[in-house]
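I have placed the structure first, in the form of structure tokens, so that the comments after it can refer back to it.
The values are calculated or read from the model by the stated rules, or taken from the named source; none is laboratory data. Source: prediction; values computed, not measured. Note that we place each Cβ from the backbone using ideal geometry, even for glycine, and neighbour counts take in every protein chain shown.
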């Protein structure tokens with residue numbers, strides 16, 4: 001589960017770097033087609049997904065540690081890391097090739113299944 005802690009902090013760092021990079025251009029009205037353009041929305045979503053899924057990984061790690069869980073948490077741990085890696089990737093790829101949007105089921109399914117399995121594990125404490 002230590003991997004989830006690393007995934008969280010790496011996600012926070014990458015989110016800060018992505019935000020700083022995008023922040024260099026946000027004042028340009030037409031950057032990436034304008035504020036409401038698909039490309040710009042996907043870049044913003046990719047940026048925030050680093051933080052959002054990072055927080056899920058951090059919360060998972062802290063909960064596992066606080067409750068001393070040793071059994072039934074491996075699969076959710078892996079799935080959250082898959083989600084942390086694939087969500088920003090699919091967002092950024094989709095920003096520049098719309099066809100990649102069809103891959104959103106990968107991170108969405110990974111995170112949803114991770115949360116469902118973890119809630120189920122907590123319910124059987």
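If you scan region 17-55, which residues turn out to be under 21 Å from residue 83 (Cβ atoms), touching a residue at least 40 places away in the same chain (Cβ under 8 Å) and surrounded by fewer than 16 Cβ atoms within 10 Å (Cβ to Cβ)?
Correct list: 55 only.
Does residue 46 qualify as being modelled with pLDDT of 95 or more, in a helix (DSSP H, G or I) and farther than 22 Å from residue 103 by Cα?
No.
So residue 109 fits all but one of (1) touching a helix residue (DSSP H, G or I) at 6+ places or on another chain (Cβ under 7 Å); (2) in a helix (DSSP H, G or I); (3) over 15 Å from residue 7 (Cβ atoms); what number is the exception?
Checking residue 109 against (1) touching a helix residue (DSSP H, G or I) at 6+ places or on another chain (Cβ under 7 Å); (2) in a helix (DSSP H, G or I); (3) over 15 Å from residue 7 (Cβ atoms), the one that fails is (1).
Being assigned to a loop (DSSP other than H, G, I, E, B) and surrounded by 14 or more Cβ atoms within 10 Å (Cβ to Cβ) narrows it down to one of 80, 58, 14, 69, so name that one.
The match here is 69.
Please determine, by comparing only the residues of region 26-43 that are at pLDDT 95 or above and assigned to a helix (DSSP H, G or I), which one is nearest to residue 16 (Cα to Cα).
Ranking the qualifying residues of region 26-43, first place goes to 43.
Which of (1) in a helix (DSSP H, G or I); (2) surrounded by fewer than 16 Cβ atoms within 10 Å (Cβ to Cβ); (3) touching a helix residue (DSSP H, G or I) at 6+ places or on another chain (Cβ under 6 Å) does residue 99 not meet, given it meets every other one?
Unmet for residue 99, out of (1) in a helix (DSSP H, G or I); (2) surrounded by fewer than 16 Cβ atoms within 10 Å (Cβ to Cβ); (3) touching a helix residue (DSSP H, G or I) at 6+ places or on another chain (Cβ under 6 Å): (3).
Between a first residue in region 67-91 that is within 22 Å of residue 12 (Cα to Cα) and a second residue that is buried (at least 16 other Cβ atoms within 10 Å of the Cβ) and modelled with pLDDT under 95, which pairs have beta carbons less than 9 Å apart while being 6 or more apart in sequence or on different chains?
What qualifies is 77/1.
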